[in-house]
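**Student:** The following block contains the structure, expressed as structure tokens.
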């Protein structure tokens, strides 16, 4: 029995190992050395302090987004609109940074609160469309993602354009007081990491030890049964989406206030969609979210050096991560495969 429990715990590693094996075979097929290629990726991620800090800087908003998705996935919701929620959080934080003049002690908390509120409200739109308009959250989320992108482009080229004139590159740089405190010359803010870890801890406690967490699990397992037990599906769905949106918006604030110093095009960097892959790969196991999201950050940051050192395209990192998710779908949950099923299902 103990061996089955260990297999269940390490099951999320299996798709990673399978993806590494297939990627190695592809590299050999194209005449490249897998050892040299993976070594180049490791050097790109951890070759020096600045590269390691870049991995951490990318990891924080990814961890925040994946943590928020734990809540919506638990409630049985596919929050595809998380990309737009990240963007709206970045826009709200940018508004505070551009329009208010105050010390960091006041400005940064206001930026964070504004970003969380914007992300939560943007997610609430998708939730209301689902509960009241019967529009699936996937379709509403995709539409709201595009609207957030359009709004970003409008602000950059219009009302928030730099003094020298309209530009699709970004707004003017924020004042120093508006930016998160960074470690040295890097893009990494230790404060953002503390916030992300606290948020992850809060979600773990919420899902494992509170009545609301139990209600969300009931919704995710069986909507009809949850209704018969007195769980308000409409209220809990909206709250779950808003909770996730708040964390996604916070990720957008971290992105715009540390990785960048102004609002830019594609400010989310695809982190929302990547967070969806993280949660799928973790198979909703909470404690696998931080290491898997860190692995994704390492691969994507290291892929840049891979292209420089081996002449292989940096998209290899994306191929590796997407292949992992493919293997998750192929393998499925170990419990569904019957690996851990008892001899007597009624025991």
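**Student:** Kindly list, by first and then second residue, each pair from a residue in the stretch 207-227 that is over 14 Å from residue 240 (Cβ atoms) to a residue that is in a helix (DSSP H, G or I) and at pLDDT 85 or above, limited to pairs with Cβ atoms under 8 Å and residues at least 6 apart or on different chains.
**Tutor:** Every condition considered, the pairs that remain are 208/286.
**Student:** While we're here: What residue, among those in the stretch 125-154 that are in a helix (DSSP H, G or I) and over 24 Å from the mean Cα position of the chain (by Cα), is nearest to residue 75 (Cα to Cα)?
**Tutor:** The first filter runs over the stretch 125-154 and keeps only residues in a helix (DSSP H, G or I), leaving 125-131, 137-154.
Then drop every residue that is not over 24 Å from the mean Cα position of the chain (by Cα), which leaves 131, 154.
Values: 131: 13, 154: 34 Å.
The residue in question is 131.
**Student:** The conditions are (1) surrounded by fewer than 18 Cβ atoms within 10 Å (Cβ to Cβ); (2) more than 18 Å from residue 67 (Cβ to Cβ), and residue 260 fails exactly one of them. Which is it?
**Tutor:** Exception for residue 260: condition (1).
**Student:** From the list 45, 57, 19, pick out the single residue that is at pLDDT below 80, under 25 Å from the mean Cα position of the chain (by Cα) and either surrounded by 20 or more Cβ atoms within 10 Å (Cβ to Cβ) or part of a helix (DSSP H, G or I) (or both). Talk me through it step by step, then tell me what you get.
**Tutor:** On the way: 45 fails: at pLDDT below 80; 57 fails: at pLDDT below 80.
The conditions single out 19.
**Student:** Where in the stretch 173-279 are there helices (runs of 4 or more DSSP H), lying wholly inside it, with at least 2 residues that are touching a helix residue (DSSP H, G or I) at 6+ places or on another chain (Cβ under 7 Å) and either more than 28 Å from residue 137 (Cβ to Cβ) or modelled with pLDDT of 90 or more (or both)? Outline the logic, then answer.
**Tutor:** Details: elements: 190-209, 211-221, 223-228, 233-254.
Once the helices (runs of 4 or more DSSP H) in the stretch 173-279 are filtered for at least 2 residues that are touching a helix residue (DSSP H, G or I) at 6+ places or on another chain (Cβ under 7 Å) and either more than 28 Å from residue 137 (Cβ to Cβ) or modelled with pLDDT of 90 or more (or both), what remains is 190-209, 233-254.
**Student:** Out of 70, 77, report the one residue that is part of a loop (DSSP other than H, G, I, E, B), touching a residue at least 12 places away in the same chain (Cβ under 8 Å) and closer than 18 Å to residue 216 by Cβ.
**Tutor:** Working: 70 fails: part of a loop (DSSP other than H, G, I, E, B).
Criteria check complete, one pass: 77.
**Student:** Would you check if residue 324 is crowded, with 23+ Cβ neighbours inside 10 Å, farther than 30 Å from residue 109 by Cα and either under 21 Å from the mean Cα position of the chain (by Cα) or at pLDDT 85 or above (or both)? Explain how you work it out, then say what you get.
**Tutor:** On the way: crowded, with 23+ Cβ neighbours inside 10 Å: yes; farther than 30 Å from residue 109 by Cα: yes; either under 21 Å from the mean Cα position of the chain (by Cα) or at pLDDT 85 or above (or both): yes.
So residue 324 fits the description; yes.
The values are calculated or read from the model by the stated rules, or taken from the named source; none is laboratory data. Nothing here was measured: the structure is a model prediction, and the numbers come from that model. As a convention, Cβ positions derive from the backbone with ideal geometry for all residues, glycine included, and neighbour counts pool all protein chains shown.
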